[in-house]
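The values are calculated or read from the model by the stated rules, or taken from the named source; none is laboratory data. All of these numbers come straight from a predicted model, not from anything done at the bench. Here the Cβ is made from the backbone with ideal geometry for all residues, glycine too, and neighbour counts use every protein chain on show.
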Amino acid sequence: MFKTLFKRPIRWALFSLGILSAIGLGLVALSGLADFDLSTRSGQEVTFEHAGSQISGSLHVPDGSANPPLVILIHGDGPQDRYSGGAFLPLISFLLDQGIAVFSWDKPGVGKSTGDWLAQSMDDRARLAIKALNTLRKVDGFSNAIMGFVGFSQAGWVVPQIALQDGSADFHVLVGPAVDWINQGRYFTRTRLKLEGIDENRIDIELAEFEREVALLLEPELTHEAYVDAFPSSADLTRERFDFIRKNIASNSTAALSRTPAPFLVLHGAEDLNVDARGENRRFKELLGQRHPATELHLIDNATHALLDARFFNHQTPDGAPLWTGWMFMSLGREAYAQDALERMADWIKARALAVQ
């Protein structure tokens, strides 16, 4: 009897603790899910024509903010819609809560936009972004707004071209950029092979093959058929993707970065598996120099290529991530990012807005 009476409070305590833990986890999940719902946010569809394509995007405005600064998001690689398949939503929600308006569009040929994103060079992407900015300047309430770009990964070869257009934007933010396309490919390939457990001798052989492939892709007269014949393992590479790679493989932002007078915030995740974060951060610092006093470069601890918490989300590609990471991202929302990553971005943008006004 005394054992039973003694155990009962313990069981109830454990049961209560379990219920409270479940409620706590549920509240965290609900909090994270709220970051993926923009239905209660002020917003409007914005469309414009560029290079024969109709581009469609969404402009979201923070509630109660007069004349807010405006961020224009620029995607990385791939057929991405305006919300990057949902990946942008926690970032957008966070920026709106910080009093910052956000615009992002469907890439050409994706969502409501017409055209073909694979037909674009990095210069084409820069021109599209400038057209977006000029279109937004005609939207009611934004003619005199402080506007700038936040670009991810591949946008590291887009935003510097925009920045050369002096006065076209008030600020520029880059997340996980590299200076040179080919060099970034080397790093990505070596890191992928190491993650697969390949020994160093085999890695050297694979990297030599990578160099042979790059040299072939740089040949002016190369055809898709000749490329596939030389590298049969690439037989599933479509002609359109082949043309996109050929168009952009020589991309290098050295010249643009070394000439632009514009302010930059450059953020690299210290645990980046796609880009040599430390090396690229140093290179950007060398190229941007001290030409603008507001320029800042940061290496974010415990952060991935996209500035997410590296403890849970550090994978080179979405295909390599286990299914549970998607659930965790949905559950955490903005809390999925590494500590202070989003705050650094928002604080810098707000400081630029105050300085320019």
Condition check: touching a His at 6+ places or on another chain (Cβ under 7 Å) and surrounded by fewer than 14 Cβ atoms within 10 Å (Cβ to Cβ). Does Arg202 satisfy that? no
Here the residues within region 64-104 that are touching a helix residue (DSSP H, G or I) at 6+ places or on another chain (Cβ under 8 Å) and of a type in the set (Asp, Glu) are Asp77
Only unsatisfied item for Ser65, checking (1) in contact with an Asp or Glu (Cβ under 9 Å, 6 or more places away or on another chain); (2) under 23 Å from Asp170 (Cα atoms), is (1)
Given the conditions (1) within 26 Å of Ala87 (Cα to Cα); (2) of a type in the set (A, V, I, L, M, F, W, C); (3) at pLDDT below 95, every one holds for Val266 apart from (3)
Within region 88-138, of all residues that are within 26 Å of Asp63 (Cβ to Cβ) and among the small types (Gly, Ala, Ser), the one farthest from the chain's Cα centre (by Cα) is Gly99
Exactly one of Arg352, Arg311 is surrounded by 17 or more Cβ atoms within 10 Å (Cβ to Cβ) and over 17 Å from Leu91 (Cα atoms), and that one is Arg352
For Leu174, the lone unmet condition from (1) at pLDDT 95 or above; (2) more than 18 Å from Gly269 (Cβ to Cβ) is (2)
| task | Look at Gly64 and say whether it is free of Cβ contacts under 8 Å to residues at least 12 places away in the same chain, assigned by TED's automatic domain parsing to the domain that holds Ser258 and part of a loop (DSSP other than H, G, I, E, B). | result | yes
When region 251-284 is checked residue by residue, the ones that are surrounded by fewer than 13 Cβ atoms within 10 Å (Cβ to Cβ) and either aliphatic (A, V, I, L, M) or over 15 Å from Val159 (Cα atoms) (or both) are Ala255, Arg278
Within region 227-260, residues being touching a helix residue (DSSP H, G or I) at 6+ places or on another chain (Cβ under 8 Å) and under 30 Å from Ala294 (Cβ atoms) number 9
Subject >> Selection status of Gln339, over 23 Å from Val158 (Cα atoms), without any contact (Cβ under 8 Å) to a residue 40 or more places away in the chain and loosely packed, with under 14 Cβ neighbours inside 10 Å >> reply: yes
